[in-house]
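Taken together, the values in this text are just the output of simple stated rules run on the coordinates, not laboratory data. Since we're looking at a predicted model, the values are computed, not measured. With ideal geometry, Cβ positions are generated from the backbone for all residues, glycine too; neighbour counts draw on all protein chains shown.
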């Protein structure tokens, strides 16, 4: 079953009297359980594509279905509900609230749910933190956590709503090489459990940890292929014989 279907997506921005076509006819399908890396240089359109997939922005033209729901036909409230309930976000900058514990940060998407019963948000948040290996750190605040641990909290927050898909935008951008491998190992384990992931990156060595690479250039997909020799992070069972990179 397709989680995401995009058909002929176009997006144009007007900047200082200049018209920039950020996306120029993107057609893309992401199946349930897939792990897709979207790669491209700065200005390629990959972040615009991520924003449209995450319902943070809307296309000028084209069609978008998320789990069979026609996203381009939804109003603002329905889009907010989709973002809160069906999409998990992981950003480069973590976006955690300071002076708020990891447990409280992870609960936030459940607190802000509209018109939906909030069953045991604390237990759900605890389970999400256990999934990312932070059961013993759930009462720590962000300034008491390392960068890698903060990104794990952000991943737990993305998981807590049981989303249809997790979108990760340059999730290793603020991390050293060792911590990047730890986060990629976590993504690979979550994907092994059936979680659908789309990761945006400009680094090919990061993209090769996914199952599939979508190469975006000048607002178009120029290549879309399965990875024949996938890289496994040292923390993943299939990559345990690989040396862990130095920080």
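Select from region 128-148 the residues that are in contact (Cβ under 8 Å) with a residue 24 or more places away in the chain and either part of a helix (DSSP H, G or I) or closer than 30 Å to residue 29 by Cα (or both) and list them in ascending order. 128, 129, 131, 132, 137, 142, 143, 147, 148, listed by residue number. Residue 106 meets the stated requirement of being crowded, with 22+ Cβ neighbours inside 10 Å and free of Cβ contacts under 8 Å to residues at least 60 places away in the same chain. Selection of region 85-103 for residues being assigned to a helix (DSSP H, G or I) and surrounded by 19 or more Cβ atoms within 10 Å (Cβ to Cβ) yields 102, 103. Look at (1) in contact (Cβ under 8 Å) with a residue 60 or more places away in the chain; (2) surrounded by fewer than 19 Cβ atoms within 10 Å (Cβ to Cβ) and you find that residue 199 fails only one, number (2). Cβ-Cβ distances below 7 Å connect the following pairs, each with a first residue in region 1-17 that is free of Cβ contacts under 8 Å to residues at least 40 places away in the same chain, a second residue that is part of a strand (DSSP E or B) and surrounded by 18 or more Cβ atoms within 10 Å (Cβ to Cβ), and a separation of six or more residues or different chains: 13/22. Each residue in region 59-83 was checked for being outside any strand (DSSP E or B) and either more than 28 Å from residue 1 (Cβ to Cβ) or out of contact with any helix residue (DSSP H, G or I) (no Cβ under 6 Å at 6 or more places or on another chain) (or both), and 16 of them qualify. Would you pick out the residues in region 41-56 that are surrounded by fewer than 18 Cβ atoms within 10 Å (Cβ to Cβ) and in contact with a helix residue (DSSP H, G or I) (Cβ under 8 Å, 6 or more places away or on another chain)? Passing the criteria: only 56.
Residues are listed down the side, and each one gets a yes or a no for (1) outside any loop (DSSP other than H, G, I, E, B); (2) in contact with a strand residue (DSSP E or B) (Cβ under 8 Å, 6 or more places away or on another chain); (3) crowded, with 21+ Cβ neighbours inside 10 Å:
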| site | (1), (2), (3) |
| --- | --- |
| 194 | no, no, no |
| 205 | yes, no, no |
| 216 | yes, yes, yes |
| 225 | yes, yes, no |
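Take the conditions (1) touching a residue at least 40 places away in the same chain (Cβ under 8 Å); (2) surrounded by fewer than 19 Cβ atoms within 10 Å (Cβ to Cβ); residue 120 misses just one of them, which is (1).
Being within 25 Å of residue 84 (Cβ to Cβ) and in a helix (DSSP H, G or I) is true for just one of 156, 168, 185. Which residue is that?
Details: 168 fails: in a helix (DSSP H, G or I); 185 fails: within 25 Å of residue 84 (Cβ to Cβ).
None of the others qualify; the one that does is 156.
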